[in-house]
Amino acid sequence: MRITDVEPSDLDNVLRLNDDSVPHVSRIDLAQMEWFASTAHYFRVVRHEEQLAGFLIGLRPGLPYASPNYRWFSQNYADFGYIDRVAVSATARRMGIASRLYEDFADTLKGEVEIMTCEVNIRPPNESSMRYHEQHGFVCVATQETEGGKKKVALLEKKL
(Lines give C-alpha, C1' and ligand atoms only; values in the text may rest on other atoms or scores of the structure.)
Protein backbone atom coordinates (compact mmCIF):
# COMPACT_ATOMS: atom_id res chain seq x y z
CA MET A 1 0.00 0.00 0.00
CA ARG A 2 1.34 3.43 -0.86
CA ILE A 3 0.01 6.96 -0.51
CA THR A 4 0.79 9.44 -3.27
CA ASP A 5 -0.39 12.84 -4.38
CA VAL A 6 -3.21 12.60 -6.90
CA GLU A 7 -2.18 12.76 -10.54
CA PRO A 8 -4.34 14.08 -13.39
CA SER A 9 -4.48 10.53 -14.76
CA ASP A 10 -6.11 9.38 -11.47
CA LEU A 11 -9.10 11.72 -11.66
CA ASP A 12 -11.43 9.49 -13.68
CA ASN A 13 -10.89 6.63 -11.22
CA VAL A 14 -11.22 8.95 -8.24
CA LEU A 15 -14.49 10.27 -9.67
CA ARG A 16 -15.82 6.71 -10.09
CA LEU A 17 -14.85 5.87 -6.53
CA ASN A 18 -16.55 9.06 -5.35
CA ASP A 19 -19.73 8.15 -7.28
CA ASP A 20 -19.67 4.66 -5.75
CA SER A 21 -19.62 6.27 -2.29
CA VAL A 22 -22.73 8.45 -2.69
CA PRO A 23 -24.72 9.27 -0.47
CA HIS A 24 -21.91 9.18 2.12
CA VAL A 25 -20.13 11.77 -0.02
CA SER A 26 -21.80 14.20 -2.38
CA ARG A 27 -21.76 13.63 -6.12
CA ILE A 28 -19.46 15.95 -8.05
CA ASP A 29 -18.37 16.21 -11.67
CA LEU A 30 -14.95 16.02 -13.28
CA ALA A 31 -14.55 19.81 -13.34
CA GLN A 32 -15.09 19.95 -9.58
CA MET A 33 -12.62 17.10 -9.07
CA GLU A 34 -10.08 18.99 -11.18
CA TRP A 35 -10.67 22.07 -9.02
CA PHE A 36 -9.87 20.02 -5.92
CA ALA A 37 -6.73 18.65 -7.60
CA SER A 38 -5.46 22.17 -8.29
CA THR A 39 -6.67 23.84 -5.07
CA ALA A 40 -6.85 21.41 -2.14
CA HIS A 41 -4.23 21.55 0.59
CA TYR A 42 -4.27 17.75 0.54
CA PHE A 43 -5.44 15.40 -2.20
CA ARG A 44 -3.84 12.00 -1.97
CA VAL A 45 -4.69 8.53 -3.15
CA VAL A 46 -3.85 5.06 -1.88
CA ARG A 47 -2.76 2.38 -4.28
CA HIS A 48 -3.01 -1.25 -3.28
CA GLU A 49 -1.69 -3.84 -5.70
CA GLU A 50 -1.39 -1.02 -8.26
CA GLN A 51 -5.14 -0.29 -8.07
CA LEU A 52 -6.63 2.92 -6.75
CA ALA A 53 -8.02 1.85 -3.38
CA GLY A 54 -9.01 5.16 -1.80
CA PHE A 55 -8.56 8.91 -1.61
CA LEU A 56 -8.90 11.82 0.78
CA ILE A 57 -9.36 15.50 0.00
CA GLY A 58 -8.42 17.94 2.76
CA LEU A 59 -8.89 21.70 2.74
CA ARG A 60 -7.73 24.68 4.77
CA PRO A 61 -9.76 27.86 5.32
CA GLY A 62 -9.99 30.70 2.85
CA LEU A 63 -11.15 28.89 -0.29
CA PRO A 64 -14.09 29.97 -2.47
CA TYR A 65 -15.87 26.68 -1.82
CA ALA A 66 -19.67 26.65 -1.52
CA SER A 67 -20.00 23.56 0.70
CA PRO A 68 -22.29 24.50 3.61
CA ASN A 69 -20.24 22.27 5.92
CA TYR A 70 -16.91 23.83 4.92
CA ARG A 71 -18.52 27.26 5.31
CA TRP A 72 -19.74 26.37 8.81
CA PHE A 73 -16.21 25.54 9.91
CA SER A 74 -14.87 28.65 8.16
CA GLN A 75 -17.33 30.82 10.10
CA ASN A 76 -16.70 29.13 13.44
CA TYR A 77 -12.95 28.36 13.46
CA ALA A 78 -9.93 30.59 12.83
CA ASP A 79 -7.96 27.66 11.38
CA PHE A 80 -8.60 24.00 10.72
CA GLY A 81 -7.88 21.08 8.43
CA TYR A 82 -11.17 20.03 6.88
CA ILE A 83 -11.75 16.56 5.45
CA ASP A 84 -14.07 17.26 2.55
CA ARG A 85 -14.37 13.70 1.39
CA VAL A 86 -12.78 10.31 1.81
CA ALA A 87 -13.68 7.14 -0.03
CA VAL A 88 -12.34 3.59 -0.08
CA SER A 89 -13.19 1.06 -2.78
CA ALA A 90 -15.48 -1.80 -1.76
CA THR A 91 -12.72 -4.32 -2.44
CA ALA A 92 -10.26 -2.52 -0.15
CA ARG A 93 -12.42 -1.86 2.91
CA ARG A 94 -11.32 -3.02 6.36
CA MET A 95 -7.65 -2.78 5.36
CA GLY A 96 -6.89 0.41 7.32
CA ILE A 97 -6.81 2.63 4.23
CA ALA A 98 -9.01 5.39 5.67
CA SER A 99 -6.98 5.37 8.88
CA ARG A 100 -3.72 5.72 6.97
CA LEU A 101 -5.13 8.62 4.96
CA TYR A 102 -6.41 10.36 8.09
CA GLU A 103 -3.03 9.92 9.79
CA ASP A 104 -1.21 11.20 6.71
CA PHE A 105 -3.47 14.27 6.51
CA ALA A 106 -3.01 14.92 10.24
CA ASP A 107 0.77 14.70 9.76
CA THR A 108 0.60 17.46 7.11
CA LEU A 109 -1.30 19.67 9.57
CA LYS A 110 0.88 19.18 12.66
CA GLY A 111 2.66 22.29 13.75
CA GLU A 112 0.31 24.46 11.68
CA VAL A 113 -3.21 23.54 12.75
CA GLU A 114 -4.58 22.21 16.01
CA ILE A 115 -7.96 20.93 14.80
CA MET A 116 -9.03 18.49 12.11
CA THR A 117 -12.70 18.69 11.10
CA CYS A 118 -15.23 16.80 9.01
CA GLU A 119 -18.89 15.91 8.87
CA VAL A 120 -20.76 12.62 8.90
CA ASN A 121 -24.29 12.02 7.68
CA ILE A 122 -26.93 11.56 10.34
CA ARG A 123 -29.69 11.49 7.71
CA PRO A 124 -29.31 9.33 5.73
CA PRO A 125 -27.37 7.62 8.50
CA ASN A 126 -23.78 6.58 8.06
CA GLU A 127 -23.43 4.65 11.30
CA SER A 128 -20.15 2.94 10.45
CA SER A 129 -18.52 6.28 9.67
CA MET A 130 -19.84 7.81 12.89
CA ARG A 131 -18.45 4.87 14.90
CA TYR A 132 -15.10 5.19 13.11
CA HIS A 133 -14.83 8.90 13.87
CA GLU A 134 -15.85 8.51 17.51
CA GLN A 135 -13.30 5.69 17.97
CA HIS A 136 -10.62 7.95 16.51
CA GLY A 137 -11.24 10.89 18.83
CA PHE A 138 -13.67 13.04 16.85
CA VAL A 139 -16.46 14.75 18.79
CA CYS A 140 -19.65 16.36 17.54
CA VAL A 141 -19.63 20.15 17.87
CA ALA A 142 -22.85 20.91 15.95
CA THR A 143 -25.38 19.54 13.47
CA GLN A 144 -26.95 21.09 10.42
CA GLU A 145 -29.39 20.23 7.68
CA THR A 146 -28.25 20.45 4.07
CA GLU A 147 -29.68 19.84 0.62
CA GLY A 148 -32.99 21.43 1.57
CA GLY A 149 -33.46 19.09 4.53
CA LYS A 150 -32.65 15.88 2.64
CA LYS A 151 -29.47 15.49 4.64
CA LYS A 152 -28.52 16.18 8.21
CA VAL A 153 -24.87 16.06 9.23
CA ALA A 154 -22.91 15.95 12.44
CA LEU A 155 -20.05 18.46 12.33
CA LEU A 156 -17.04 16.86 14.03
CA GLU A 157 -13.67 17.99 15.30
CA LYS A 158 -10.56 16.28 16.57
CA LYS A 159 -7.79 18.04 18.45
CA LEU A 160 -4.40 17.18 16.98
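Below is a table of values for the structure above.
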read-out	value
Answer residue from the range 65-89, given it is in contact with a helix residue (DSSP H, G or I) (Cβ under 9 Å, 6 or more places away or on another chain) and part of a loop (DSSP other than H, G, I, E, B) and is surrounded by the fewest Cβ atoms within 10 Å (Cβ to Cβ) among those	TYR65
Some residue of the range 144-153 being over 16 Å from PHE43 (Cβ atoms), in contact with a Cys (Cβ under 9 Å, 6 or more places away or on another chain) and surrounded by fewer than 18 Cβ atoms within 10 Å (Cβ to Cβ)	no
Leading residue by the ranking (surrounded by the most Cβ atoms within 10 Å (Cβ to Cβ)) among those in the range 110-134 that are among the acidic types (Asp, Glu) and in a helix (DSSP H, G or I)	GLU134
Qualifying residue in the range 5-21 (condition: touching an Asp or Glu at 6+ places or on another chain (Cβ under 9 Å), surrounded by 13 or more Cβ atoms within 10 Å (Cβ to Cβ), farther than 26 Å from ALA142 by Cβ and touching a residue at least 40 places away in the same chain (Cβ under 8 Å))	no
Conditions (1) without any contact (Cβ under 8 Å) to a residue 12 or more places away in the chain; (2) surrounded by 13 or more Cβ atoms within 10 Å (Cβ to Cβ); number of the one not met by PHE55	(1)
Only one of ASP79, ASP10, ASP19 that is acidic (Asp, Glu) and at pLDDT below 95	ASP19
LEU160 out of contact with any Asp or Glu (no Cβ under 7 Å at 6 or more places or on another chain) and either crowded, with 16+ Cβ neighbours inside 10 Å or under 23 Å from TYR42 (Cβ atoms) (or both)	no
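The values are calculated or read from the model by the stated rules, or taken from the named source; none is laboratory data. In this text, all values refer to a predicted model and were calculated from it rather than measured experimentally. Here Cβ is always computed from backbone atoms with ideal geometry, including for glycine, and neighbour counts include all displayed protein chains.
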